[in-house]
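The values are calculated or read from the model by the stated rules, or taken from the named source; none is laboratory data. In this text, all values refer to a predicted model and were calculated from it rather than measured experimentally. With ideal geometry, Cβ positions are generated from the backbone for all residues, glycine too; neighbour counts draw on all protein chains shown. The protein model used for the area step is the full one, side chains on, heavy atoms only, and it has no ligands, DNA or RNA in it. Shrake-Rupley method; radii C 1.70, N 1.55, O 1.52, S 1.80 Å.
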Amino acid sequence: MKVVVLGSGIIGVASAWWLKQAGHDVVVIDRQPGPAQETSRANGCQISVSYAEPWANPQTPMKLLKWLLKDSAPMVFRPQADWRQWAWGLQFLLECRAARVPKNIRSMVALAEYSLQTLKSMREELGIEYNHLSRGILNFYRNNEQFDASQQAAGYMRDYGLDRRIVSKEEVLQIEPALSPVADSIVGGDYTELDESGDVYLFTSALAKKAEEAGVEFRFSTQINRLTADGGKVTGVEVVDPDGTFHTITGDAYVAALGSFTPHLVSPLGVSCPVYPAKGYSATFKVVNPDAAPVVSLTDSEHKVVFSRLGDSLRMAGTAELAGYSRSLNTNRCRNLVVLAHELFPSALDFDNVAFWSGLRPSTPSNVPLIGRTRVSNLYLNTGHGTLGWTMGVGSGRVLADLVSGQTPEPDFPFLG
């Protein structure tokens, strides 16, 4: 078949790669001038299988109330005159019920674990370099209440065969000595050797080149206007070419992988897509003292911020703003990231030259992504991965290609259709 993939982040490019491997003709369309220019551009870069947990859990509603008026809170809900935001919020509260949590974790872990194994095989086969480190992820805690609460989530992961090991304060500092400046504030942690880190932008860009060499056609700087449909099938995608010319691209199947913007494209066709953006921030620092900078990927549980070493840089990322589609930077949030980085690694980084960024994470109320065929028979979704787009990315592309090809994907996951 000819398959039209809409979007060229990690999800879209991985879908295109695996669709081509399955023997299809593939064209990828994106409004940006190249791949991975939006949510896949500068995220936290963790591949966190063992931390594939939903935000929605019984403790979250009370936390949100406490955080409501705090500009520095890890998760912020800013009401908008947008019915999608309110509908998403109501569904999110339903997903916070205790009975929903184990099912959502099981689905997320199944896809994340499959994706990591797929990534390892691709790395070996394709030889893509993307500053990856296979040194695990260390989550450290600064108060005993959070540390005690974390052990239930760690227990869930061990039930699913993931070695998320509880570690003492002393073990935290042995695993990552760069945390010594804040040793007095750490009470313990958990550590997973399985997990990795790496630059998703470098990987996605390199995979797009490999896909192009294999015959995938990329149409960048091309605005997607709408899908046209007739008789329960998509008949084409109306686009505006770089020169301003309107054009319709046709195919046998269409994959919507536009992140947070996917609902805008598919809703006019009557396709339900409960995805809403959760804006995250990142700051990238140059490492000036390698001995004082971390090499293990870290998560500061109190601030919900992650750190990943990317060659001679350190990326930190976090926060979630449910505040619409603006990517404008909040000055206070940027300042808070720098203050926290200075507290943790005071002699390691260049604090005078920081690259800030924000991205719109496409989030479902359950944090379980939407993958599979919609009510429109030749239209597929691959979106809603939230903070785990990199963690689940290549696996999501592979299972999507299986579904389009009429094959049964390997992971046990609630696929659409």
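Among residues belonging to region 210-233 that are surrounded by fewer than 15 Cβ atoms within 10 Å (Cβ to Cβ), free of Cβ contacts under 8 Å to residues at least 24 places away in the same chain and outside any strand (DSSP E or B), point out the one that is farthest from the chain's Cα centre (by Cα). Step by step, filter region 210-233, then rank; the result is Gly231. Could you tell me how many of the residues in region 136-170 are modelled with pLDDT of 90 or more, hydroxyl-bearing (Ser, Thr, Tyr) and farther than 16 Å from Glu302 by Cβ? Going through region 136-170 one residue at a time, the tally reaches 1.
If Leu173 satisfies every condition in (1) more than 21 Å from the chain's Cα centre (by Cα); (2) modelled with pLDDT of 90 or more; (3) under 12 Å from Ser301 (Cβ atoms) but one, which is the exception? Condition (3) is where Leu173 drops out. Checking region 168-177 against the condition returns a match, with at least one residue being open to solvent by less than 70 Å² (accessible area, probe 1.4 Å), outside any loop (DSSP other than H, G, I, E, B), over 30 Å from Ala36 (Cα atoms) and in contact (Cβ under 8 Å) with a residue 40 or more places away in the chain.
Filtered by the rule that a residue be buried (at least 19 other Cβ atoms within 10 Å of the Cβ) and in a loop (DSSP other than H, G, I, E, B), region 131-159 gives His132, Gly136.
Might you check whether a residue that is closer than 21 Å to Gly198 by Cα, surrounded by 18 or more Cβ atoms within 10 Å (Cβ to Cβ) and in contact with a helix residue (DSSP H, G or I) (Cβ under 8 Å, 6 or more places away or on another chain) occurs anywhere in region 91-100? Taking every residue of region 91-100 in turn, none turns out to be closer than 21 Å to Gly198 by Cα, surrounded by 18 or more Cβ atoms within 10 Å (Cβ to Cβ) and in contact with a helix residue (DSSP H, G or I) (Cβ under 8 Å, 6 or more places away or on another chain). If we scan region 41-48, do we find a residue that is in a helix (DSSP H, G or I) and either open to solvent by less than 20 Å² (accessible area, probe 1.4 Å) or out of contact with any Ser or Thr (no Cβ under 8 Å at 6 or more places or on another chain) (or both)? Taking every residue of region 41-48 in turn, none turns out to be in a helix (DSSP H, G or I) and either open to solvent by less than 20 Å² (accessible area, probe 1.4 Å) or out of contact with any Ser or Thr (no Cβ under 8 Å at 6 or more places or on another chain) (or both).
Exactly one residue out of Arg123, Arg84 is under 23 Å from Val399 (Cα atoms), assigned to a helix (DSSP H, G or I) and either open to solvent by 20 Å² or more (accessible area, probe 1.4 Å) or touching a residue at least 12 places away in the same chain (Cβ under 8 Å) (or both), and it is Arg123. Among the residues of region 381-417, the one identified as over 23 Å from Glu196 (Cβ atoms), open to solvent by 20 Å² or more (accessible area, probe 1.4 Å), outside any loop (DSSP other than H, G, I, E, B) and touching a residue at least 60 places away in the same chain (Cβ under 8 Å) is Asp402. Residues of region 308-329 that are open to solvent by 20 Å² or more (accessible area, probe 1.4 Å) and either among the hydrophobic types (A, V, I, L, M, F, W, C) or more than 17 Å from the chain's Cα centre (by Cα) (or both): Arg309, Gly311, Asp312, Ala323, Ser326, Ser328, Leu329. Of everything in region 266-286 that is open to solvent by less than 30 Å² (accessible area, probe 1.4 Å) and part of a loop (DSSP other than H, G, I, E, B), the residue that is nearest to Arg135 (Cα to Cα) is Val275. Among the residues of region 287-307, the one identified as touching a strand residue (DSSP E or B) at 6+ places or on another chain (Cβ under 6 Å), open to solvent by 30 Å² or more (accessible area, probe 1.4 Å) and of a type outside the set (A, V, I, L, M, F, W, C) is Lys304. Checked against (1) modelled with pLDDT of 95 or more; (2) in contact with a strand residue (DSSP E or B) (Cβ under 7 Å, 6 or more places away or on another chain); (3) buried (at least 24 other Cβ atoms within 10 Å of the Cβ); (4) farther than 15 Å from Leu207 by Cα, Ile11 passes all but a single condition, namely (4). Close Cβ contacts (under 6 Å, 6 or more residues apart or on different chains) running from residues in region 235-263 that are more than 30 Å from Ala278 (Cβ to Cβ) and open to solvent by less than 40 Å² (accessible area, probe 1.4 Å) to residues that are assigned to a loop (DSSP other than H, G, I, E, B) and not hydroxyl-bearing (Ser, Thr, Tyr) are absent.
Scanning region 330-360 for residues that are out of contact with any helix residue (DSSP H, G or I) (no Cβ under 8 Å at 6 or more places or on another chain) and closer than 20 Å to Gln37 by Cβ, we see that the one that is surrounded by the most Cβ atoms within 10 Å (Cβ to Cβ) is Gly359. Regarding Phe203, is this residue in contact (Cβ under 8 Å) with a residue 12 or more places away in the chain, among the aromatic types (Phe, Trp, Tyr) and open to solvent by less than 10 Å² (accessible area, probe 1.4 Å)? Answer is yes for this residue.
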